[in-house]
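**Student:** Can you keep this structure in mind? I'll have questions shortly.
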Amino acid sequence: MDYITVSKEGFGEYEEKRSRFLAFVFPAESEEEVLKRIEAHKKKYWDARHNCYAYILGEDGALMRFSDDGEPGGTAGRPMLDVLSGRNLTNVCVIVTRYFGGVLLGTGGLVRAYSQATALAVADAAPVKKIRVDYMELALAYTELGKVQYLLAGEGLTPSDIRYESDVKVVIGLPQDRAEGILKALVNAVNGKIEYEKIGEGYGDGPA
């Protein structure tokens, strides 16, 4: 199953009536990892009025949790979660730290502030689509490497490893729905002077 997550940690800052909202987004693989990050964040930003969070985990986005951390119910964690789910993100967590500016914002103001801060951090974190790939090891002559690299680049693919031994070994993740066609094209490009072996499966980056 393909899914969309963030490729790196992101940050966003939003200000509303002197209240500052600092949003931190990061990719995550497990709830244990998320809870540790949240706990560490709260210790680091102990002087803030609120440290609200939301996260979605699982390839199908089945696990969703959020916390208003003392803000009125439905004004912080839920809007933050809605930003994540609205962008079809999973394996992602956002924490928004609020430094109170002395002026009450009201329900609408809080929802807007937490949503905007989250959206800014998500954009900074560069969403990326994760697709199922077959990891292949290609073995070919040095003289054929240029042709192989050219063909792979044309498919938008970059080898994860190239080893120069008695021949050249190239490790590449091929999208499962295109793997067979790409392998045929590689064989044709080098007139059959290539060997390949599937060495695993996993997730690779695709177009977001």
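**Student:** In deg cm²/dmol and to the nearest 500, what is the mean residue ellipticity at 222 nm of the chain if only DSSP H runs of at least 4 residues count, each as -39500 (n - 2.57), divided by the residue total? Don't skip to the answer; put the middle values down first.
**Tutor:** Numbers: 5 runs with 64 residues, N = 208.
Counting only the DSSP helices, I get -9500 deg cm²/dmol.
**Student:** Also: Using C-alpha positions alone, give me the convex hull volume of the chain per residue in cubic angstrom. Don't jump to the answer; show the numbers that get you there.
**Tutor:** Values: hull volume 27.2 nm³, N = 208.
Measuring per residue, one finds 131 Å³ for the Cα hull of the chain.
**Student:** Also: If you roll a 1.4 Å probe over region 1-149 with all protein chains in place, what percent of the accessible area is carbon or sulfur?
**Tutor:** Ligands and nucleic acids excluded, carbon and sulfur give 51 percent.
**Student:** Averaging the inverse of every distinct alpha carbon separation and then flipping it gives the Kirkwood radius. What is it for region 136-202, in angstrom units? It would help to have the intermediate numbers written out before the result.
**Tutor:** Numbers: mean 1/r = 0.0845 Å⁻¹.
After inverting the pairwise mean of 1/r, the radius is 11.8 Å.
**Student:** Using unit Cβ charges (K, R positive; D, E negative) and no other charged atoms, how large, in debye to the nearest 20, is the dipole of the chain about its Cα centre?
**Tutor:** Numbers: 25 positive and 31 negative charges, 168 e Å.
Using only the charged Cβ atoms, the result is roughly 800 debye.
**Student:** Could I ask something else about it? Angle between the Cα long axis of helix 31-44 and the longest principal axis of the chain, 0 to 90 degrees, nearest 10?
**Tutor:** 50
**Student:** How many Å² of accessible area per residue for region 93-139, probe 1.4 Å?
**Tutor:** 35
**Student:** Which whole-number value in Å² is the accessible area per residue of region 1-71, probe 1.4 Å? Could you put the intermediate results ahead of the total?
**Tutor:** Working: 4060 Å² over 71 residues.
On a per-residue basis, region 1-71 sits at 57 Å².
**Student:** Arrange the residues K42, K147, K184 by how much accessible surface each exposes, largest first, with a 1.4 angstrom probe. Write out the running numbers ahead of the final one.
**Tutor:** Working: K42 75, K147 100, K184 120 Å².
Largest accessible area first, the residues go K184, K147, K42.
**Student:** Can you tell me the orientation of helix 145-154 relative to the chain, as the angle in degrees between its alpha-carbon axis and the longest Cα principal axis, to the nearest 10?
**Tutor:** It is inclined by approximately 40 degrees.
**Student:** Moving to a separate point now. Using just the C-alpha positions of region 84-175 as equal point scatterers, what log10 of I(q)/I(0) does the Debye formula give at each q in 0.15, 0.17, 0.20 1/Å?
**Tutor:** -0.73, -0.82, -0.98
The values are calculated or read from the model by the stated rules, or taken from the named source; none is laboratory data. Worth saying up front: this structure is predicted, and the values here are computed from it rather than measured. Here the Cβ is made from the backbone with ideal geometry for all residues, glycine too, and neighbour counts use every protein chain on show. Note: areas computed on protein heavy atoms with side chains; ligands, DNA, RNA excluded. Shrake-Rupley method; radii C 1.70, N 1.55, O 1.52, S 1.80 Å.
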